[in-house]
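Student: Following this message is one structure expressed as structure tokens.
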Amino acid sequence: MAGTALIVVDMLNPYDHEDADKLVESVEGTIDPICSLLDRARADDVDVIYVNDNYNDWNSSEEELARRALDGRRGDLVEPILPPDDASFVIKARHSIFYGTPLEHLLHEREIDRLLLCGQVTEQCILYSALDAYVRRFEVDVASDAVAYIDRSLADAALRMMERNMGARLV
């Protein structure tokens with residue numbers, strides 16, 4: 001395997017949860033870098049895969065998650081990074097992009113061995129996803145300017161852990 005995929009984590013968010021205000025402050029600074037990554041990935045023909053929490057709605061779909069996020073408190077943060085119609089989209093129910101999802105199978109089918117993670121939340125879903133990727137023997141890159149956090153100090157520690165303990169490259 002020798003391919004790379006850009007993984008966009010949990011960006012379809014209605015921002016109606018307990019820590020939303022803290023998260024929104026950080027997300028505001030990540031939208032432009034995420035948009036740049038998406039543009040570069042498409043220009044370079046790099047696989048882009050959106051993985052998003054279902055927020056415990058077991059009847060949700062990509063379209064429903066996108067609609068709820070756009071209609072949420074900060075649709076302006078969602079609109080620029082909406083998945084195009086032909087995007088690969090995986091729904092998750094827990095913190096890791098791998099837990100209970102077909103993502104690993106999809107990556108192997110596409111001969112992808114390196115993941116570039118962006119999205120939210122650095123100290124939660126990004127960290128756990130990086131660890132799960134590492135134990136599955138994927139190379140991990142984290143776009144440090146394109147991951148949002150709730151708690152800055154925990155996010156900084158998570159980035160250091162990913163780099164030191166998982167060999168992740170912070171790019």
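Student: Search region 94-120 for residues being in contact with an Asp or Glu (Cβ under 7 Å, 6 or more places away or on another chain) and closer than 18 Å to H17 by Cβ, and hand back the single one that is surrounded by the fewest Cβ atoms within 10 Å (Cβ to Cβ).
Tutor: Q120
Student: Return only the number of the condition from (1) surrounded by fewer than 23 Cβ atoms within 10 Å (Cβ to Cβ); (2) in contact (Cβ under 8 Å) with a residue 40 or more places away in the chain; (3) of a type outside the set (S, T, Y) that E79 does not satisfy.
Tutor: (2)
Student: Now a separate question. Which of the following residues is among the small types (G, A, S) and more than 24 Å from A155 (Cα to Cα): S60, S36, S26?
Tutor: Every option except S60 fails the conditions.
Student: Could you please find all residues in region 121-142 being of a type in the set (S, T, N, Q) and more than 12 Å from I7 (Cβ to Cβ)?
Tutor: T122, Q124
Student: So which residues in region 87-129 are assigned to a loop (DSSP other than H, G, I, E, B) and of a type in the set (S, T, N, Q)?
Tutor: Result: S96, T101.
Student: Ok, one more. Run D132 past the list (1) of a type in the set (D, E); (2) in contact (Cβ under 8 Å) with a residue 12 or more places away in the chain; (3) part of a helix (DSSP H, G or I); (4) out of contact with any Phe, Trp or Tyr (no Cβ under 7 Å at 6 or more places or on another chain) and report the number of the one that doesn't hold.
Tutor: Exception for D132: condition (4).
Student: Going through region 43-61 one residue at a time, which ones are within 19 Å of L103 (Cβ to Cβ) and at pLDDT 95 or above?
Tutor: Hits for region 43-61 are V46, D47, V48, I49, Y50, V51, N52, D53.
Student: Given the criteria among the β-branched types (V, I, T) and out of contact with any Gly (no Cβ under 9 Å at 6 or more places or on another chain), does V135 qualify?
Tutor: Spelling it out, V135 is indeed among the β-branched types (V, I, T) and out of contact with any Gly (no Cβ under 9 Å at 6 or more places or on another chain).
Student: Right, here's the next one. Hey, can you tell me all the residues within region 121-132 that are of a type in the set (S, T, Y) and buried (at least 23 other Cβ atoms within 10 Å of the Cβ)?
Tutor: T122, S129
Student: Please pick out the residue among D141, D71 that is more than 17 Å from V9 (Cα to Cα) and among the acidic types (D, E).
Tutor: On inspection, the qualifying residue turns out to be D71.
Rundown of residues vs (1) free of Cβ contacts under 8 Å to residues at least 40 places away in the same chain; (2) of a type outside the set (A, V, I, L, M); (3) in a helix (DSSP H, G or I), yes/no style:
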position	(1), (2), (3)
V8	no, no, no
M11	no, no, no
T30	no, yes, yes
R42	yes, yes, yes
N52	no, yes, no
W58	yes, yes, no
A66	no, no, yes
D85	yes, yes, no
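Student: Can you pull out the residues in region 14-52 that are touching a Lys or Arg at 6+ places or on another chain (Cβ under 8 Å) and either loosely packed, with under 15 Cβ neighbours inside 10 Å or under 15 Å from P83 (Cα atoms) (or both)?
Tutor: Result: D16, V46, D47, V48, V51, N52.
The values are calculated or read from the model by the stated rules, or taken from the named source; none is laboratory data. Since the structure is predicted, the reported quantities are computational estimates derived from the model, not experimental observations. Here the Cβ is made from the backbone with ideal geometry for all residues, glycine too, and neighbour counts use every protein chain on show.
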